[in-house]
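Let me begin by presenting the structure, written as structure tokens, before commenting on it.
Since every read-out is calculated from the coordinates, none of them should be taken as a lab result. Quantities reported herein were computed from a predicted structural model and do not represent experimental measurements. Note: ideal-geometry Cβ built from the backbone for every residue, glycine included; neighbour counts use all protein chains shown.
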Amino acid sequence: LCAFAAPADAQTYPTRSITMIVPFAAGGPTDVISRIVTGHMAQTLGQSIIIENVVGAGGTTATTRAARAANDGYTLITGHMGTHAASVPLYPKLAYHPEKDFEPIALLAGTPILILARKDFPPKDLKEFVAYVKANAEKVNAAHAGVGSVSHVSCELLHSILDIKPVGVPFNGTGPAMNALVAGQVDYMCDQIVNAVPQINAGTIKAYAIATPERNPSLPNVPTTAEAGLPKFQAQAWNAMFAPKGTSPAILASLNAAANKALDDETVKKRLLELGSVIPGPAERTPEALATLVKNEIAKWTPVLKPAT
Ligand code: MLT
């Protein structure tokens, strides 16, 4: 009988609070999505989930810490397209491997990328933006959340399409980068939608285009890159939850179930949609689907980013 009994830890898990590492500063997309989803998961699991913002090196400092944490279900991480894919080609000495050192739990959200600028940046629309940054590539600067972050990688893609190399200004997350954009201290940014919707609606920054095939319901007046004249620039990031390798299957299953329940909750859904996120369908929320996504994203970004290093 004992051979079939679940381990004691899995039967009682969780018995204390869980730490969710967020690899960027508070107020940015990773932080906001993590707080919305874990707020609901904590109710399901009956324990609090404490967000710990650990910043640095485009999210790789925190992700290294998560990879080395005890695999007991009490330290998890919200990773993304940067920490769990783009970092592989960009950091030859990366201290973790997204596939070998983590157990995928669930995809939480898709996050379309926008081209944003400070309110008084001269170009009025995307065509003017393209002409302006090409003509002034030595003078303009692009804020980002560190090498390998989504904002960095997305603007690298944009810059490779435009064949320019402007100066990048790194921050510990696009929360602080957005503050600098609003204050007019940096020129532009390629950021995930979650960070941008409240600022665009408040008129504190400009949005030139959204890099997805369709407009986003949260920003109906922002044209797509195709509509605005730059169809080649297509970019959507994602956020997902991971545990250190070797975490027990029963614990992973209860975390996946809690994440699924959160994403099905009407209040959680409403908040994520208001911020422009794309909520993954049930088939995309399994650990297997996330493992495949990570594998495919590493394969996709490696040839794109390798020549830039
Ligand atoms: C990024 O650019 O990778 C993110 O926007 C980081 C963040 O959540 O601040």
Overall Cα dimensions of region 205-309 - principal axes, largest extent first, Å: 49, 41, 24
Helix 249-264 axis, angle to the chain major axis (alpha carbon atoms, nearest 10°): 50 degrees
Helix-derived mean residue ellipticity, 222 nm - over the chain, DSSP H n ≥ 4, -39500 (n - 2.57), to 500: -12000 deg cm²/dmol
Karplus-derived HN-Hα couplings along region 196-212 (A = 6.51, B = -1.76, C = 1.60, θ = phi - 60°), whole Hz, x at Gly and Pro: 9, 3, x, 6, 5, 5, 7, x, 8, 9, 9, 10, 7, 6, 10, 8, 10
Greater than 21 Å apart at Cα, pairs in Lys165/Lys232; Lys100/Lys269; Lys261/Lys300; Lys119/Lys270; Lys134/Lys306; Lys127/Lys306: Lys100/Lys269; Lys261/Lys300; Lys119/Lys270; Lys134/Lys306; Lys127/Lys306
The chain: angle of helix 126-135 to the longest principal axis, Cα-based, in degrees nearest 10: 70 degrees
Check: the chain dipole with +1 on Lys, Arg Cβ and -1 on Asp, Glu Cβ, in debye: 380 debye
Degrees between helix 150-162 axis and first principal axis of the chain (Cα, 0 to 90, nearest 10): 40 degrees
15 Å cut-off, amide nitrogen to a point 7 angstrom out along Asp125 Cα→Cβ, residues in region 210-232: 210, 221-231
Local electrostatic count, Thr111, Cβ distance below 13 Å [Lys/Arg +1, Asp/Glu -1]: -2
Rounded FRET efficiency, nearest 0.05, which uses the C-beta distance separating Lys306 from Glu99 and R0 of 30 Å: 0.95
Taking the C-alpha atoms of region 142-191, convex hull volume expressed per residue in Å³: 60 Å³
Amide H partners (placed H, <5 Å) of Val278, local residues excluded: Gly110, Thr111
Paired Rg and Dmax values of region 167-230, which use every Cα atom, in angstrom: 12.0, 32
Among Lys269, Lys165, Lys100: highest mean-square fluctuation, GNM of the chain, C-alpha pairs under 10 Å: Lys100
Distance between region 167-215 and region 29-66 - C-alpha centres, whole angstrom: 22 Å
Of Ile161, Thr286, Leu252, farthest towards positive along the dipole that unit charges on Lys, Arg, Asp, Glu beta carbons give the chain: Ile161
Cα extents of region 191-262 along the three principal axes, largest first (Å): 49, 29, 19
Mean projected area (nm²) of the alpha-carbon convex hull when region 1-156 is viewed from all directions: 12.0 nm²
Cα-Cα P(r), region 128-222, percent of pairs per 5 Å interval: 2, 14, 25, 25, 22, 11, 1, 0
At most 16 other Cβ within 10 Å, DSSP loop - GluC sites (Glu not before Pro), region 126-183: Glu138
Bins of 20 Å, starting at 0 and running to the largest distance - Cα pair percent for the chain: 35, 55, 9, 1
J(HN,Hα) series, region 171-182, from Karplus relation 6.51 cos²θ - 1.76 cosθ + 1.60, nearest Hz, glycine and proline x: 10, 7, x, 8, x, x, 5, 5, 4, 5, 5, 4
Rg over Rh, two decimals, region 29-113 (C-alpha only, Kirkwood Rh): 0.95
